[in-house]
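A short write-up of the structure that comes next.
The values are calculated or read from the model by the stated rules, or taken from the named source; none is laboratory data. All values reported here derive from a predicted model rather than from experimental measurement. Note: ideal-geometry Cβ built from the backbone for every residue, glycine included; neighbour counts use all protein chains shown. For the accessible areas, the whole protein counts, side chains as well, though only heavy atoms, and no ligand, DNA or RNA atoms are used. Shrake-Rupley method; radii C 1.70, N 1.55, O 1.52, S 1.80 Å.
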Amino acid sequence: MDLSELERDNTGRCRLSSPVPPVCLKEPCVLGVDEAGRGPVLGPMVYAICYCPLSRLEDLEALKVADSKTLSESERDRLFAKMEEDKDFVGWALDVLSPNLISTSMLGRVKYNLNALSHDTATGLVQFALDQGVNVAQVFVDTVGLPETYQERLQQRFPGIEVTVKAKADALYPVVSAASICAKVARDRAVKNWKFVEKLPDLDTDYGSGYPNDPKTKAWLRKHVDPVFGFPQFVRFSWRTAQSILESEAEDVMWEDSETGNQEGPGKIKSYFSESPQSCPRLPHRYFQERGLKSATVL
């Protein structure tokens, strides 16, 4: 699994895929869809599909694939390596969505919520398989939202394919379990090898679980919040946990059309640019470094 494209630019999204097994171009195939990293406040969300001929489904089951959440990291890596060895009948594809893309989508002028983003990403991957020539006959999906509504939408989008959407599909259907493993392996590697574009002093890579209720994750967020520019792009700043920390730890902003008043002093955005004997030294934010900007002490 080559994540070099994501490592070069982790601000948007990238799609990875295996070669399509020739048998999957000819024989009717079953395809599973699942994701990893939907809930965390840190790191990307990864959607994955895995597919194989219906005639080889028992061979996929023989690998003893299971819901990735029930497996250790080493077990997931072993099973993914085994699927790679069986590339003569197993194929997969991934869509890696960066934290920056997720948050800017959710907080844009036209709101694009996480469910809609998830549905569109899953639909896009099924269409990708079809565009690659995979003879998809059946699709199994782990639901996001109401399974009946989701299934109806997918069935309308792909009328020639038998679509099944279920809660806990990753524990019910081996082909969804396989997709779950692909997604989790990709997310784990993306998080572990994340390239921070920000120059963070004393960067701590012990993030905890990455979930919003994890005390270690919350501590990491507080440590690495910039008082003006907020969080590194590793953080989903649209999550409520991140927003709460911004409200308590970052500087306030006074807009021109806001009520006027005393805007000086600590807690105001001007204080970020002022130097005082009490202020702690810090590296300039990358916004200033990239533009060659320095503080002007004398005009």
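What to note about this one:
- Test: residue in the range 22-42 that is closer than 18 Å to D188 by Cα and part of a helix (DSSP H, G or I): no
- Taken residue by residue, the range 102-110 has at least one member that is in contact (Cβ under 8 Å) with a residue 24 or more places away in the chain, within 22 Å of E7 (Cα to Cα), part of a helix (DSSP H, G or I) and aliphatic (A, V, I, L, M).
- Residue, least open to solvent (accessible area, probe 1.4 Å), within the range 113-148, restricted to residues that are of a type in the set (D, E) and more than 19 Å from V30 (Cα to Cα): D120
- Leading residue by the ranking (nearest to the chain's Cα centre (by Cα)) among those in the range 167-192 that are more than 22 Å from A62 (Cβ to Cβ) and open to solvent by less than 90 Å² (accessible area, probe 1.4 Å): R187
Residues are listed down the side, and each one gets a yes or a no for (1) more than 26 Å from E5 (Cβ to Cβ); (2) in contact with a strand residue (DSSP E or B) (Cβ under 7 Å, 6 or more places away or on another chain); (3) at pLDDT below 95:
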| position | (1), (2), (3) |
| --- | --- |
| D34 | no, yes, no |
| V46 | no, yes, no |
| C50 | no, yes, no |
| L54 | yes, yes, no |
| L57 | yes, yes, yes |
| S68 | no, yes, yes |
| S74 | no, no, yes |
| S98 | no, yes, yes |
| F128 | no, yes, no |
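- Restricting the range 72-100 to residues that are crowded, with 20+ Cβ neighbours inside 10 Å and among the aliphatic types (A, V, I, L, M), the residue that is nearest to A183 (Cα to Cα): L94
- All conditions in (1) modelled with pLDDT of 95 or more; (2) of a type outside the set (V, I, T); (3) touching a Leu at 6+ places or on another chain (Cβ under 6 Å) hold for C14, with the sole exception of (1).
- Residue that is farthest from the chain's Cα centre (by Cα) [pool: residues in the range 4-29 that are among the polar types (S, T, N, Q) and surrounded by 14 or more Cβ atoms within 10 Å (Cβ to Cβ)]: S18
- Whichever residue in the range 220-243 is part of a loop (DSSP other than H, G, I, E, B) and among the aliphatic types (A, V, I, L, M) and, among such residues, is surrounded by the fewest Cβ atoms within 10 Å (Cβ to Cβ): V228
- Scanning the range 44-71 for residues that are under 28 Å from P232 (Cβ atoms) and surrounded by fewer than 23 Cβ atoms within 10 Å (Cβ to Cβ) gives a single hit, K69.
- The set of residues in the range 152-166 being closer than 13 Å to V141 by Cβ, surrounded by fewer than 14 Cβ atoms within 10 Å (Cβ to Cβ) and out of contact with any Ser or Thr (no Cβ under 7 Å at 6 or more places or on another chain) consists of E152, E162.
- Meets criteria (surrounded by 11 or more Cβ atoms within 10 Å (Cβ to Cβ) and at pLDDT 85 or above) for Y207: yes
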